[in-house]
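Here's the structure we're looking at; comments come further down.
The values are calculated or read from the model by the stated rules, or taken from the named source; none is laboratory data. On a predicted model such as this, the values are computed, not experimentally measured, just so you know. We place every Cβ from the backbone using ideal geometry, glycine too, and count neighbours over all the protein chains shown.
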Amino acid sequence: MRRTFVRSLLVGSVALGCNKVDDPGKRPDSGIDDGGPGAPIVDKLRVGQIDKVDLLFVIDNSPSMADKQGLLAQRVPELIARLTDATLESKGTPDVHIGVITSSLGSHGTSACERAITNKSNDDRAHLLPRASEARGFGWKVTSPTATPVRATCPFPIEASPLTWVFDPERDPGARFVGSDGAQVLQVGASCVIQSVGEVGCGYEETWEALYHFLVDPPPYAKADVKCTFGPGGDDCSGDVVMAGTDTELLAQRAAFLRPDSFVAIVLLSDENDASLRPVGKNWIPWATSPMARGWEACDAVPDDVEPDGADLLAAKGCFSCLQDPKDANCGRPWAKDKLNNDADGRSLRGFHQVQRFGFNFLWSRDRYVNAFKNVTVPGSDGKLGQNPLYAGGFRDPSLVLVTAIFGAPKGLLHDASGAPKALSAADWEKLTSPDLAKRDPT
């Protein structure tokens, strides 16, 4: 990798307020001592010469996200300016692909986020944006890598495809943007697409699964739904979630975006818990049922990092759903509520502490996404192993994949008494990330 590119990418990440999240402590593969859970994490990227960058943004489009999307749209031109700055080293400037997808994968046949009932952005199917005729009227650009972004009119209708740029048109005659002038148009175009995300998507954010569906899933399904009848009293659903077909449109978009020998950078933006539902069996229940059945009392003590695919590990801990067996005393205890809280069991938070509250896990395991960035073969949503598109052809290894998350946290945990940002101690990180819910900050 050329030094110019490394510096450009890291400067862009800092400007966006990103942090790479990993396990604390010394890792033998990098030889770097991270200094414990309160220290910043730095990895050496073990790469050779890099001349291509594929940059994917995965953006939460649920309500309350417009301000965060706007800030990202304003800052991303700085990152693009660094990546495309030919004055640093013209021969080392990488070719760039940029794609934007959202967190909305619908509600799998239930009415909660049904595309036809509410709006089409409730199920973006992990397809590239913008949606038809939805590019916003302005974006942002910078005239140099150190300049302040300024508003600019979106220069063209942008179709749902990767935004592609090269410094030298001979390297890719099909690239849409070329040279220094094209780099500024790319800044505005990417900013416009990010602003087209909007905040009227599904409130059950499948941020991680949208990423997996677009970039990794060997045979991404076309549909994954349960049969439901919608009525004024709620959903009447029966049977299991059934996956059907292969999304060939998505595969074509993936092929246009992802090159076999590029550096892949992924940026996620969200302000809520991930709710990446595993679309099998009766996992539709949390999206269609209100109120939810409780879990047994023993479920309260299950650590938050226990994510069994089946019920065996929970059963060993004495944790069952009252749907399975209502004999536990907890099953007769109503959800606490008051006059201002009719949503007693937190319908909008069904992905939060589901084992502790409901006695079963209906989400994909975190291991699914950890393995997605390091394994050559991965399970498809159909349960069958297939080749990981990230590593197809053998040109890329995990050192060429960077995952960056911009996630929210309670302000009081990140600032001191005066309101100024503070350096986080090990105790602060425990409040944010500990699997022991007794140590986690309740807010």
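The rows are residues; the columns are (1) farther than 22 Å from ASP271 by Cα; (2) surrounded by 23 or more Cβ atoms within 10 Å (Cβ to Cβ); (3) in contact (Cβ under 8 Å) with a residue 12 or more places away in the chain.
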{"residue": "ARG115", "(1), (2), (3)": "yes, no, no"}
{"residue": "SER121", "(1), (2), (3)": "no, no, yes"}
{"residue": "HIS127", "(1), (2), (3)": "no, no, yes"}
{"residue": "ALA135", "(1), (2), (3)": "yes, no, yes"}
{"residue": "GLY139", "(1), (2), (3)": "yes, yes, yes"}
{"residue": "CYS154", "(1), (2), (3)": "yes, no, yes"}
Number of the exception - THR404 against (1) buried (at least 16 other Cβ atoms within 10 Å of the Cβ); (2) assigned to a loop (DSSP other than H, G, I, E, B); (3) not aromatic (Phe, Trp, Tyr): (2)
Number of the condition not met by VAL355 [criteria: (1) exposed (fewer than 15 other Cβ atoms within 10 Å of the Cβ); (2) among the β-branched types (Val, Ile, Thr); (3) touching a helix residue (DSSP H, G or I) at 6+ places or on another chain (Cβ under 8 Å)]: (1)
Subset tally (residues that are part of a loop (DSSP other than H, G, I, E, B) and over 22 Å from ASN273 (Cβ atoms)) for region 120-141: 11
2 or more residues out of contact with any Lys or Arg (no Cβ under 7 Å at 6 or more places or on another chain) and within 24 Å of GLY109 (Cβ to Cβ): qualifying strands (runs of 3 or more DSSP E) within region 207-297: 221-231, 234-246
Residue match in region 161-169 (condition: touching a helix residue (DSSP H, G or I) at 6+ places or on another chain (Cβ under 8 Å), surrounded by 14 or more Cβ atoms within 10 Å (Cβ to Cβ) and closer than 14 Å to ALA135 by Cβ): yes
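Rundown of residues vs (1) in contact with an Asp or Glu (Cβ under 9 Å, 6 or more places away or on another chain); (2) outside the structural domain of LEU128 (by TED's automatic domain parsing); (3) exposed (fewer than 15 other Cβ atoms within 10 Å of the Cβ), yes/no style:
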position: PHE214; (1), (2), (3): no, no, no
position: GLY233; (1), (2), (3): no, no, yes
position: ALA255; (1), (2), (3): no, no, yes
position: ARG259; (1), (2), (3): yes, no, no
position: VAL264; (1), (2), (3): yes, no, no
position: LEU269; (1), (2), (3): yes, no, no
position: SER276; (1), (2), (3): yes, no, no
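Please pick out the residue among SER381, SER348 that is in contact with an Asp or Glu (Cβ under 7 Å, 6 or more places away or on another chain) and either at negative phi or outside any loop (DSSP other than H, G, I, E, B) (or both).
Numbers: SER348 fails: in contact with an Asp or Glu (Cβ under 7 Å, 6 or more places away or on another chain).
None of the other options fit; the residue is SER381.
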